[in-house]
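Everything below concerns the one structure shown next.
Laboratory data are not the source of any read-out in this text; all were calculated from the coordinates shown. Values in this document were obtained by computation on a predicted structure and should not be read as measured data. Here the Cβ positions follow ideal geometry from the backbone for every residue, glycine too, while neighbour counts run over all protein chains shown.
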Amino acid sequence: MPPSWTPAAGSALIPILGDQLSLNLTSLRAGDKAHDVVIMAEVAEEATYVRHHKKKIAFLFAAMRHFAAELEADGWTVRYVRLDDRKNGGSFTSEVARIARETRASRIVVTEPGEWRVRELIDTWETETGLPVTVLPDERFICARHEFGAWAHGRKSLRMEFFYRDMRRKTGLLMDGEEPEGGKWNFDADNRKPAKADLFIPRPLRFSPDAITREVLDLVSQRFANHFGDLEPFWFAVTRTDAEKQFKHFLKTGLAQFGDYQDAMLLSEPFLYHSILSLYINCGLLDPFEVCQRVEKEYRAGRAPLNAAEGFIRQIIGWREYVRGIYWLKMPNYVDGNFLGHTRLLPDFYWTGDTDMTCLRAAIGQTKSEAYAHHIQRLMVTGNFALIAGFDPKQVHEWYLAVYADAYEWVELPNTLGMSQFADGGLLGSKPYAASGNYINKMSDYCGSCRYDVKKRTGAGACPFNALYWDFLDRNADKLAGNPRMAQMYATWRKFSKPDQDAVRRDARAFLDRLTPWAE
Ligand code: FAD
Ligand code: DLZ
Ligand code: SF4
């Protein structure tokens, strides 16, 4: 039937959110360039619901502006609302309603958002605009939300490892017929080498801001001066082409060693062999499945060992998909989890980096300058410290959500509240990621230059992680001592003499009392 016989459906308004910068988005696939209008909006509400790192805001605004240009070059009509546009009402809802009126759209078609909070907003749009709203699935994820629900249904334990195997089977990545490539699903045991400062370590590519990005940097420096973090130097990629260059650079220089040194930390090397791709994958500039396919290709071509390729692919089709599944399965109550009943306020040095503990100074300092820390710094330095010190998990969550360029609640919350703070009572991990200074000393070069003695448990100059660790076990014995994976540590604690136990309790208490809570 010729197209002119088809009744005109009326033009659609297609809102594209800051983390949906993909040409292949379901809402765009469903749209019609000739009639429909895309709206993208920089809105104060998104930039301030937590006080995001300046670099994160600049990254997203610059990437959004470049993506709008990419869409226009592709033939789309785009209404792009800048933060400082006079008519900008400051929220997704105000802007969608306004542009819907101005363009006389007859319906709204949007790809589902990553965050629960935004989904709740979208659910008001029919009432706010009087237009029908169609919400399409986000097919950039490998596992659809209903598929994860079906996987989780009726299971006693929702461990990532079993989910991951299903994702390997589903995608065919690193499979040898029905079996995992190399005869094992998981090569994590090979991925725990500490690094040495004299290794050759690649650096991420640094991209110079163009005129569009410079304008955004000026805007952010004026409007968000009181937000955490250093705005400049700003070197992130903000286009698909540059994100792709960073990816290729990682394939060439980082992937082969990614596995070996995945857990290592070095003072002079904030990035080690990590890919620095999460911010690009999460906002849509890179496609996660394609990234994995190309990593597999490196392995098949003999350019990367299996432990590296498997370790990398597991992070994406395993952890990344899994935390997203958990988030949507457990929200909205998940965010209120506080299994250990922790209430202590986050101390000021999480925002200033001003502490004499070298490991925390390094991880927070780097977070401040780069809006980046790698996984082990997040989990075993800032996260571990927050856990053993007993900080309020919701405050900890809000900190992680604000400070990293890759942070969106769907991925950050399960990692923080679940994996790192054990606030979900063990849904994500079978035991808390709590450790004394010994772990940090083994995996990093931090302790050598620290004013504290990592070998000392208590007394003057002892590493604070040590007393806090044992005190954490003691304080939470009612909730954790029955956990079989903690049995050995509790057995050790019980063997401490009474005076040694008292010294741990006394030093931990004195240390915690000296912390200054953050006051805005
Ligand atoms: P690489 O080490 O190179 O890993 C490759 C890719 O795997 C990453 O780009 C990322 O897409 C994926 N990945 C790795 N680990 C995870 C994971 N645990 N969950 C989901 N994806 C993963 N990741 C975020 O993307 N956003 C967050 O807000 C976030 N918050 C975190 C908070 C805490 C407390 C912890 C412990 C981890 C958090 N992570 C988060 C996971 C992880 O730390 C980052 O994905 C990783 O450090 C990003 O750096 P990279 O790109 O160099 O990763
Ligand atoms: C994180 C963020 C920020 C800081 N600003 C915007 C914005 O102004 N406009 C926008 O569309 N998206 C922004 N984002 C990303 C959104 O918060 C993200 O798309 C939603 O949380 C859904 O995951
Ligand atoms: Fe951190 Fe303790 Fe090592 Fe200092 S001695 S860097 S506080 S683990």
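Okay, here's what the table says:
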| read-out | value |
| --- | --- |
| In degrees, nearest ten, helix 358-370 long axis to first principal axis of the chain (Cα) | 10 degrees |
| Dipole of the chain, positive direction: furthest Cα of GLY353, PHE59, ALA462, with charges on the beta-carbon | ALA462 |
| Cα Rg, Dmax (largest Cα-Cα span) when computed across segment 260-417, Å | 16.5, 51 |
| Angstrom value of the Kirkwood radius, inverse mean 1/r, which spans all Cα pairs in segment 12-136 | 14.5 Å |
| Note, ³J(HN,Hα) from phi for segment 471-484, Karplus 6.51, -1.76, 1.60, rounded to Hz, x at Gly and Pro | 5, 4, 4, 4, 4, 10, 4, 4, 9, 10, 5, x, 6, x |
| For segment 375-384, Karplus couplings with θ = phi - 60° (6.51, -1.76, 1.60), whole Hz, Gly/Pro x | 4, 6, 5, 5, 7, 9, 10, 5, x, 4 |
| Karplus (6.51, -1.76, 1.60) ³J(HN,Hα), θ = phi - 60°, over segment 92-106, in Hz, Gly and Pro reported as x | 4, 5, 4, 6, 5, 5, 5, 5, 4, 5, 5, 9, 6, 5, 10 |
| Net dipole in debye of the chain [+1 Lys, Arg Cβ; -1 Asp, Glu Cβ; about Cα centre; nearest 20] | 1260 debye |
| Residues of segment 111-141 with amide N under 15 Å of the 7 Å Cα→Cβ point at ARG101 | 127-131 |
| Mean Cβ neighbour count within 10 Å, used as a protection proxy, ranking 150-158, 283-291 highest first | 283-291, 150-158 |
| Over segment 350-514 - Rg/Rh using Cα atoms and the Kirkwood inverse-distance radius | 0.95 |
| Sequence-distant residues sharing a close amide H with LEU136 (under 5 Å, placed H) | VAL110, THR111, GLU112 |
| Global form of segment 72-115, assessed from the alpha-carbon gyration tensor, a/c cut-off 1.5 | rounded |
| Placed amide H near ARG79: partners under 5 Å, 5+ positions off or other chain | VAL38, ILE39, MET40 |
| Inter-part distance where segment 475-520 and segment 317-338 are each reduced to a Cα centre, Å | 29 Å |
| Dipole of the chain [Lys/Arg +1, Asp/Glu -1 at C-beta], most positive-end residue of GLY149, ILE16, PRO270 | PRO270 |
| For ALA304, residues with placed amide H under 5 Å, excluding near neighbours | TYR299 |
| Helix axis angle, 211-223 relative to the chain longest principal axis, alpha carbon, degrees | 60 degrees |
| Zero-based 20 Å bins, Cα pair distances in the chain, whole percents | 21, 54, 23, 2, 0 |
| Charge dipole of the chain about the Cα centre (unit charges at C-beta), most positive-ward option of TRP493, ALA189, TYR327 | TRP493 |
| Candidate lysines - alpha carbon under 17 Å from LYS184, same-chain residues fewer than 8 apart omitted | LYS170 |
| With Cα atoms, 0 to 90° folded angle of helix 160-171 axis to the chain main axis | 40 degrees |
